[in-house]
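The values are calculated or read from the model by the stated rules, or taken from the named source; none is laboratory data. Predicted model, so just to flag it, every value in this text is computed and none were measured. Note that each Cβ is placed from the backbone with ideal geometry, even for glycine, and that neighbours are counted across all protein chains shown. Just so you know, the surface numbers come from the protein's heavy atoms only, side chains and all, with ligands and any DNA or RNA stripped out. Shrake-Rupley method; radii C 1.70, N 1.55, O 1.52, S 1.80 Å.
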Amino acid sequence: TVDSKTSWQEHWKLLIYDGQCRDVISTLFKVADLRKHGVTLHLPLHSDRQPVQDVAALYLVEPTSENVQRIARDCAAGLYDSMYLNWSSSIAQEQLHVLASAVAEADAAQRVVKVVDQYMDFISLDHSLFSLNMRDSFVALNDPQVSDSDMQRTINKLVAGLFSVVVTLGVLPYISCPHGGAAGMVGDA
């Protein structure tokens with residue numbers, strides 16, 4: 001039973017996600033599971049959304065510039081009274097400063113309750129099976145025509161995903177790989 005309006009506010013939540021995090025949570029939760037955790041509505045970050053007062057908004061998104069800008073606009077527009085920002089991986093200091101500046105400029109800092117790096121840059125397919133969800137990664141790592149910047153971007157995403165896996169498992173990995181090439185670059189990172 002619910003005794004007061006406050007307990008309703010603490011119970012009901014909105015889940016706002018981007019495409020990457022939609023893929024992550026779709027393998028972990030069914031809609032019924034989300035409802036058990038108080039999530040009554042789940043919406044894509046870049047969709048048109050209406051203001052919902054007296055309900056906490058849980059954001060689960062990648063820390064990209066586009067997502068940071070959209071969250072800042074949501075905050076400035078006053079869509080939600082309280083916002084819990086959960087990043088799928090570590091957010092860069094520059095992006096965090098951009099968000100903080102935009103929120104402060106809109107005089108909406110009181111809306112942001114919590115900011116957390118979740119380290120969930122992988123899709124859990126089973127208890128002992130995961131995917132980094134990197135399309136065409138084999139081609140990107142083995143194509144002799146690939147640019148150095150594209151190779152580095154792929155390596156960085158791969159390293160971030162593997163780091164998320166080992167953080168989630170709570171293990172310290174032993175990495176053995178040949179020097180040079182993509183495997184060596186991942187091992188060095």
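A cut-off of 5 Å between modelled amide H atoms, ignoring neighbours fewer than 5 places along the same chain, links ALA56 with LEU14.
Subtracting the Cα-Cα distance of ASP81 and ASP48 from 0.36 nm times their residue separation leaves 10.1 nm of extension gain.
Loop-resident trypsin sites (Lys or Arg not before Pro) (DSSP state other than H, G, I, E or B) in region 71-135 with no more than 14 further Cβ atoms inside 10 Å of their Cβ: ARG135.
Extension gain, ARG35-PHE138: 0.36 nm per intervening residue step, less the Cα-Cα distance, totals 33.3 nm.
Using the Cβ of LEU169 as centre and a radius below 14 Å, the other residues enclosed give a net charge of -2, where K and R count +1 and D and E count -1. Surface analysis of the chain yields an accessible area of 62 Å² per residue, using protein heavy atoms and a 1.4 Å probe.
Surface composition of the chain: carbon and sulfur atoms hold 55% of the protein heavy-atom accessible area at a 1.4 Å probe. A Förster distance of 22 Å, applied to the separation of the beta-carbon atoms of LEU172 and VAL146, puts the FRET efficiency at 0.10.
One decimal place: the segment SER90-LEU129 gains 11.8 nm when fully extended, by the rule 0.36 nm per residue minus the C-alpha distance.
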